[in-house]
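The values are calculated or read from the model by the stated rules, or taken from the named source; none is laboratory data. What you see is a predicted model; the values in this text were computed from it and never measured. Glycine gets a Cβ as well: all are built from the backbone with ideal geometry, and neighbour counts include every protein chain shown.
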Protein chains: 2
Amino acid sequence: MRIEVPLAQASRLLNHGPTVLVSSQHGNQRNLMAAAWAMPLDFKPPKVAVVIDRQTLTRRLIEASGVFALSVPTLAMADLCTTVGSVSGQSLIDQGREDKFGRFGIDQFSGPVLGLPLPAQAIAWLECRVLPDFGVFDAYDLLPGEVVSAWADAEVYRDGRWHFEAADPRRSIHHVGGGVYFTLGEMLHTRNLDAS
Amino acid sequence: MRIEVPLAQASRLLNHGPTVLVSSQHGNQRNLMAAAWAMPLDFKPPKVAVVIDRQTLTRRLIEASGVFALSVPTLAMADLCTTVGSVSGQSLIDQGREDKFGRFGIDQFSGPVLGLPLPAQAIAWLECRVLPDFGVFDAYDLLPGEVVSAWADAEVYRDGRWHFEAADPRRSIHHVGGGVYFTLGEMLHTRNLDAS
């Protein structure tokens, strides 16, 4: 079940540094790619930043539409992440093939605020509007966005934070390179050692 | 044993989204804080970005010196991360107390290029120079740095990537909020599903 996450808590969905999927759409074209370089930027209003190479179809669609979405994929989606991170959306267009959603059978639903195509099997979804300051980040291929909707899978996100069980195939994944990921492992409660 | 990581591969140390420790130093003052919002920005030259609140001693020391370092702490350092992320370096100065390195008994060594105080028990260390473009990021509290030295613990980083064993206390940690972290779990090899 998908639950809405208060916008002021949207950063919690990305705080642990998962690899994300980036949704984009402009006119009749849509795309999905993987990105490891994404993080929260601010709490209120909630902002995120993601690095998207200027050679990509995703970048072109985002610049044309002014919107994008980040989703948090799972262990069960790991091969899919590598696939959408390897296959060029533009090359599918050039070859007259269907887009990645069709080609790889990715279930999607329309984002509640911006209508972006979101992968249904993910565990969190953030729709974002590109911030007007985008120009100052352009040289870094860094896209800053304001989060306008945030949702999560209630089975793994509740009471304001992630609760991944050890064997859950819905744990997030963290790319270390070359198609190799680590999943999350055990949860760890810590304490402030400064007793005084 | 610490091994030097080629600068062109420095991004691999942060690619999986770990929580980091931020070292800063200016004149006689030095500090260490935790940050979850850090990521690579580019491969060559290697760049990183980290969000550092403008109210912090760390931010003041970095702006004064033009340099900072990011280290990747471990499961064994989790309480320490929460502690240096909770205690204000400025308040220790105001109270005439020793700095966090002394107060919490943090072993440190001097970074090889910039001489920054690096926590010896971490598993990766990146010394960075603040990029001249810093001004354009200022409104976002986002510090962009060029990586000028990159080192890792050869026990867990070799052949160009992380190799965390399941029970290793040197696994990286990923903050989900409120002093709760997840460690990394199992390694996962994936494949591109696009066979054609």
Search result, residues across the stretch A:122-140 that are buried (at least 18 other Cβ atoms within 10 Å of the Cβ) and either assigned to a loop (DSSP other than H, G, I, E, B) or within 14 Å of another protein chain (Cβ to nearest Cβ) (or both): A:Ala122, A:Ile123, A:Ala124, A:Leu131, A:Val136, A:Phe137, A:Tyr140
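Scan the stretch B:146-157 residue by residue and report those that are in contact with a strand residue (DSSP E or B) (Cβ under 9 Å, 6 or more places away or on another chain) and either without any contact (Cβ under 8 Å) to a residue 24 or more places away in the chain or outside any strand (DSSP E or B) (or both). Explain how you work it out, then say what you get.
Of the residues in the stretch B:146-157, the ones in contact with a strand residue (DSSP E or B) (Cβ under 9 Å, 6 or more places away or on another chain) are B:146-154, B:156-157.
Once the filter is applied, which keeps residues that are in contact with a strand residue (DSSP E or B) (Cβ under 9 Å, 6 or more places away or on another chain) and either without any contact (Cβ under 8 Å) to a residue 24 or more places away in the chain or outside any strand (DSSP E or B) (or both), the stretch B:146-157 yields B:Ala154, B:Val156.
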Please give the strands (runs of 3 or more DSSP E) falling wholly within the stretch A:1-81 in which 1 or more residues are more than 15 Å from the chain's Cα centre (by Cα) and either touching a residue at least 40 places away in the same chain (Cβ under 8 Å) or surrounded by fewer than 21 Cβ atoms within 10 Å (Cβ to Cβ) (or both). A:2-4, A:20-26, A:29-35, A:38-42
Within the stretch A:87-107, restricting to residues that are under 26 Å from A:Gly145 (Cα atoms) and free of Cβ contacts under 8 Å to residues at least 40 places away in the same chain, the one that is surrounded by the most Cβ atoms within 10 Å (Cβ to Cβ) is A:Val87
Looking only at the stretch B:174-184, decide whether some residue is in a loop (DSSP other than H, G, I, E, B), without any contact (Cβ under 8 Å) to a residue 24 or more places away in the chain and aliphatic (A, V, I, L, M). no
Can you tell me which condition B:His189 does not meet? The list is (1) surrounded by 14 or more Cβ atoms within 10 Å (Cβ to Cβ); (2) in contact with a Gly (Cβ under 9 Å, 6 or more places away or on another chain); (3) at pLDDT 95 or above, and all the others hold. (1)
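Is it true that some residue in the stretch A:95-109 is assigned to a strand (DSSP E or B) and either more than 10 Å from every other protein chain (Cβ to nearest Cβ) or not aliphatic (A, V, I, L, M) (or both)?
At the first step, the residues of the stretch A:95-109 found to be assigned to a strand (DSSP E or B) are A:108-109.
Narrowing further to those that are either more than 10 Å from every other protein chain (Cβ to nearest Cβ) or not aliphatic (A, V, I, L, M) (or both): A:108-109.
Taking every residue of the stretch A:95-109 in turn, at least one turns out to be assigned to a strand (DSSP E or B) and either more than 10 Å from every other protein chain (Cβ to nearest Cβ) or not aliphatic (A, V, I, L, M) (or both).
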Check on B:Leu143, part of a strand (DSSP E or B), buried (at least 20 other Cβ atoms within 10 Å of the Cβ) and at the interface with chain A (Cβ under 10 Å from one of its Cβ atoms): no
Hits in the stretch A:146-167 (condition: crowded, with 19+ Cβ neighbours inside 10 Å and within 10 Å of chain B (Cβ to nearest Cβ)): A:Tyr157, A:Trp162, A:Phe164
